[in-house]
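Novice: Structure incoming, see below.
A short reminder: the numbers here are calculations on the coordinates, not readings from a lab. Everything quoted here is computed from the prediction, not taken from an experiment.
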Amino acid sequence: MTQPDVFDQKVLDQNIRELQEWLRRAWQQLADPSLTAFSRRELRNQMKQCNADLRVQLQAASKRMLMQPASSGRRFAKPALRILA
């Protein structure tokens with residue numbers, strides 16, 4: 001993996017973590033009984049958009065993982081066995 005790929009992966013991972021954290025806090029805020037009906041509706045709309053963004057980021061991460069070479073220098077082979085007496 002080249003340096004820009006590593007940087008892109010870190011940015012992608014950070015975006016995913018931030019979106020997950022935002023959704024976690026939104027769920028906590030949604031449980032607040034002092035929220036008005038309008039505020040709840042707006043928060044749910046924002047959560048839907050955030051969820052869609054998170055899905056796109058996760059699909060991009062999945063594609064990136066599939067495109068990476070399967071082996072990174074390590075190959076599994078049948079071990080040479082010896083019988084010890």
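Novice: Report the extension gain between CYS50 and PHE76 in nm, rounded to one decimal, defined as 0.36 nm multiplied by the number of residues separating them, less their alpha carbon distance.
Specialist: 5.3 nm
Novice: Full-extension gain between LEU66 and GLN9, please, as 0.36 nm times their residue separation minus the C-alpha to C-alpha distance.
Specialist: Net length gain for the segment: 19.2 nm.
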